[in-house]
Every structure is written in structure tokens, then in C-alpha cells.
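J.: Sharing a structure here in C-alpha cells format.
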Amino acid sequence: MKIGVLALQGDFREHIEAVKASGHAGLSVRRPEELEEVDALILPGGESTAIALLAQTFQIFQPIRDRIASGMPVYGSCAGMILLADRIIYGVQDQATFGGIDMTVRRNAFGRQVDSFESDLKFNGEPLRAVFIRAPWVEEVGEKVVVLSEVDLGDGVRRPVAVRQGSLLATSFHPELTGDLRVHRYFFDQVCAGAIK
Ligand code: GLN
């Protein structure tokens, strides 16, 4: 498969490496013509406000929305999760997202004291060490959204940090930084395989 990685800002290089290590072609995408070439897209971690503004400047914002609407598989990590959310809390004023997943995401949800941390989670039932950096969590989901991982905040409070809706996958954490390819492989094998004929 030809997997595009939106390469405007953030840790797109690490995602391209993870794509290649998984045996697929990893292509950086900045222009609408490059988007047309790919079967699926990854939205990296970084700064969701900057990525959205740059996407407007590069005139690729609406083309990405259109491809999402027509069923292209997309995986977003961290800032990429925010960009796939239909609704956000604690965004900057009028912060735009590509949307597609019927969820409300809280930006910078873990607070300043815990800017970055690692945690042992279950992803799709398997143990996984996850890296969080100024991460969002998912505040609420619509009925079509499947929760694949949650964090335990104590006192019985849990928040989703990995979700899927059809051909869209999002994680609050950064598997591209750990060398563990299972989340990327889940995207290629479970999400893309069903969507790309
Ligand atoms: N806090 C960032 C944002 O709002 C996301 C952080 C990240 O991608 N590591 O976009």
C-alpha cells in the first residue's frame, strides 16, 4: 500500500519510518497532488493548530476532508487525533479540524504537571507501553465509535485514548516514538485492508 504521512509539522519522519518498517511505501504529503497518490493517510503528532493552519495554506485542508468523506483510511496520533475529532474542548478560538470521528476530544487533557509520561495500557486487548506528550483524551464518543484503549484516572474514572470509527483510527499516544509497530500494523492490516479494494 502507498501510505501518505501529512508532512507539514510534527513528527512525520518517525511515522514514515514506521510505515517503511511495516513493509509499505511511506510518502510525505504536503500538496493535493501528493494526496491523490496515496491509499491512506497518517496525521502525525505535533501541534494541531499549526497543522490545521498549514493545511489551509497548502490548500490541502478541504482535499483531506473530501478524501475522509469518501472513505480513505486515516490514522491520527495525538495532534492527529485532535484533527480527526468532530468536536474539541480547550481548542484555540475557531480551531478547525478535519473531523470524521464522532467524538469530543479534550486537548492537553492531562494538565501541565504531567506534560509527558509513559503508561502501560491495553490496546485492542494486548498490553502496550504508551508514550503521551501534552496529550488529549477522548471525553465522549458517539455510538459508532469503538474504544480500543483507555487510561485509568483512578476512582473508577477511565478515558478512551485509542478509538476507531470505520476507516478512521486515532490514538492519544505516540507509537511512532517507541519502535513498537503494532498500532501501525493494526491500521494497515485491520483498518486499511477492509477499506482499500
Ligand atoms: N497538545 C498538542 C495539540 O494540541 C498535541 C501534542 C502532541 O501531538 N504531542 O495539538
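J.: Using the Cα centre of segment 1-158 as the reference point, and only Cβ charges (+1 on K/R, -1 on D/E), how large is the resulting charge dipole? Debye, rounded to the nearest 20.
T.: Values: 16 positive and 23 negative charges, 46 e Å.
Roughly 220 debye, rounded to the nearest 20.
J.: For the chain, with a Gaussian network of springs between Cα atoms less than 10 Å apart, report the residue from Pro175, Pro44, Pro127 with the top mean-square fluctuation.
T.: Per the Cα network of the chain with a 10 Å cutoff, Pro127 tops the list.
J.: Once you treat every alpha carbon in segment 51-197 as an equal point and sum by Debye, what is log10 I(q)/I(0) at q = 0.17, 0.19, 0.20, 0.22 Å⁻¹?
T.: Each listed q maps to, in turn, -0.96, -1.20, -1.32, -1.55.
J.: Quick one: plug the Kirkwood hydrodynamic radius of segment 1-132 (C-alpha pairs) into Stokes-Einstein at 10 °C, 1.306 mPa s, and report D in µm²/s. Please report the intermediate quantities before stating the final value.
T.: Values: Rh = 15.4 Å.
Translational diffusion coefficient: 103 µm²/s.
J.: Also, I was wondering about something else. For the chain, set up a Gaussian network in which alpha carbons nearer than 10 Å are linked by springs, and say which option among Ser116, Ser48, Ser70 fluctuates the most.
T.: Among Ser116, Ser48, Ser70, the largest GNM mean-square fluctuation belongs to Ser70.
J.: Another question, if that's okay. Would you tell me the accessible area of Arg65, worked out with a 1.4 angstrom probe on the heavy atoms of the protein chains, in Å² to the nearest 10?
T.: 100 Å²
J.: Measure off, as a whole percent, the carbon and sulfur share of the 1.4 Å-probe accessible area of the chain, all protein chains present. Before the final figure, lay out the partial values.
T.: Values: 4160 of 9090 Å².
Percent of accessible area from carbon and sulfur atoms in the chain: 46.
J.: Which one, Thr104, Pro136, Leu148, projects farthest toward the positive side of the charge dipole computed for segment 89-148 from Cβ point charges (K/R +1, D/E -1)?
T.: Result: Pro136.
J.: Round to the nearest 10 and report in Å² the accessible area of Leu27, as given by a 1.4 Å probe over the protein chains' heavy atoms.
T.: Per-residue accessible area (Leu27): approximately 60 Å².
J.: So for Arg107, Arg158, Arg164, what's the accessible-area order with a 1.4 Å probe, most first?
T.: Order by accessible area, largest first: Arg158, Arg164, Arg107.
J.: Once the other residues with Cβ under 10 Å from the Cβ of Ile3 are scored (Lys, Arg +1; Asp, Glu -1), what is the net sum? Spell out each step's value before the answer.
T.: Working: positive: Lys2, Lys20; negative: Asp39.
Surrounding charge for Ile3 is +1.
J.: If you don't mind, another one. Can you give me the C-alpha center-to-center distance between segment 37-59 and segment 120-139, rounded to a whole angstrom?
T.: About 22 Å separates the Cα centre of segment 37-59 from the one of segment 120-139.
J.: Continuing with this model, one more query. In square angstrom, rounded to the nearest 10, how much accessible surface does Leu121 have for a 1.4 Å probe?
T.: Only protein atoms counted, so the area is about 10 Å².
The values are calculated or read from the model by the stated rules, or taken from the named source; none is laboratory data. Quantities reported herein were computed from a predicted structural model and do not represent experimental measurements. Note that each Cβ is placed from the backbone with ideal geometry, even for glycine, and that neighbours are counted across all protein chains shown. Side chains are part of the model used for accessible areas, which takes the heavy atoms of the whole protein and leaves out ligands, DNA and RNA. Shrake-Rupley method; radii C 1.70, N 1.55, O 1.52, S 1.80 Å.
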